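Inspection log for the structure reproduced underneath, given as structure tokens.
We did not get these values from a lab; they are worked out from the coordinates using the rules stated. As the structure is a computational prediction, the values presented were derived from the model and not from experiment. Glycine gets a Cβ as well: all are built from the backbone with ideal geometry, and neighbour counts include every protein chain shown.
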Amino acid sequence: MAEADDELVCPDLIAAPEDPAGDLAVGARIHLVAASCPQCGHLEFPTLDTCPACGRATEEIALSVDAELAGFTSVLHPPPGALVEVPYHVGVARFPEGICVMGLLLGVEDGETPTVGEPLDTVVAQPFDGALTYAFRL
């Protein structure tokens with residue numbers, strides 16, 4: 001459960017809620033922010049000011065809340081200094097806008113194997129005490 005003093009890790013990754021009083025409660029559906037190049041159409045996440053494909057200035061866009069699972073893995077052994085407890089799952093979400101983003105994958109039960117192509121929601125997650133970030137939920 002999120003507490004009032006929980007901080008959003010990398011707040012520039014998440015679009016501001018349409019409602020200024022919008023709640024970033026754990027489990028709330030959210031939009032990620034990507035950079036779109038108006039010249040060549042290249043998409044980049046996280047955002048960059050300049051398109052890596054053509055060098056033009058980019059514009060920020062909000063990605064759809066809905067995506068589909070493009071791939072996944074389970075992390076069973078923590079990397080050095082990890083704050084997220086193992087086991088946890090990481091998924092690649094394919095958005096309708098044509099970009100794939102990697103993040104925590106929620107809703108995978110023990111012994112379950114997700115299916116590529118399953119629908120995902122982009123949500124607020126609390127991977128460890130004091131931190132909020134985005135994740136994908138089956």
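Here is the list for segment 40-111: GluC sites (Glu not before Pro) lying in DSSP coil, each with at most 12 other C-beta atoms within 10 angstrom of its C-beta, are Glu85, Glu109.
Just the Cα atoms of the chain, one point each, no solvent: what log10 I(q)/I(0) does Debye give at q = 0.10, 0.14, 0.16, 0.20 Å⁻¹? Log-scaled intensity ratios, in q order: -0.36, -0.69, -0.89, -1.23.
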